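The structure under discussion appears below in the form of structure tokens.
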Amino acid sequence: QLQASGGGLVQPGGSLRLSCAASGTTSRTDVMAWYRQTPGKQREYVASIRIGSITDYADAVKGRFTISRDNIMNTAYLQMNSLKPEDTAVYYCKTTRRSGIYYWGQGTQVTVSS
């Protein structure tokens, strides 16, 4: 089970940090990722982190967002800096096991507006 938190309202140029806490059976080999979705659009990939702290980012967030994880706390984070209005979305975390089975969190709203 995944529990996402940390969303909110922030002004353009501001920062937020999202958290995704995993409960139950977890593994360091799980790939943890963040996606986002706006009304009427498909859910889009934002960033992921895998074993060895190997990270990957969508072009739209490179240089502004940083994904990290705490394997002891079974939690992934998404530090979002220099936020833009176009970053407004519901952000979802996802964990994918080596078997290919994946789970979604419930989503947290991020609104960037002045």
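How many residues does region 80-114 hold that are within 14 Å of Met32 (Cα to Cα), at pLDDT 95 or above and in contact with a Ser or Thr (Cβ under 7 Å, 6 or more places away or on another chain)?
Qualifying residue count for the region: 1.
When you scan region 16-59, how many residues do you find that are in contact (Cβ under 8 Å) with a residue 24 or more places away in the chain, of a type in the set (A, V, I, L, M, F, W, C) and within 19 Å of Pro85 (Cβ to Cβ)?
Total meeting the criteria: 4.
The values are calculated or read from the model by the stated rules, or taken from the named source; none is laboratory data. All of these numbers come straight from a predicted model, not from anything done at the bench. Cβ sites come from the backbone with ideal geometry, for glycine too, and all protein chains shown count toward neighbours.
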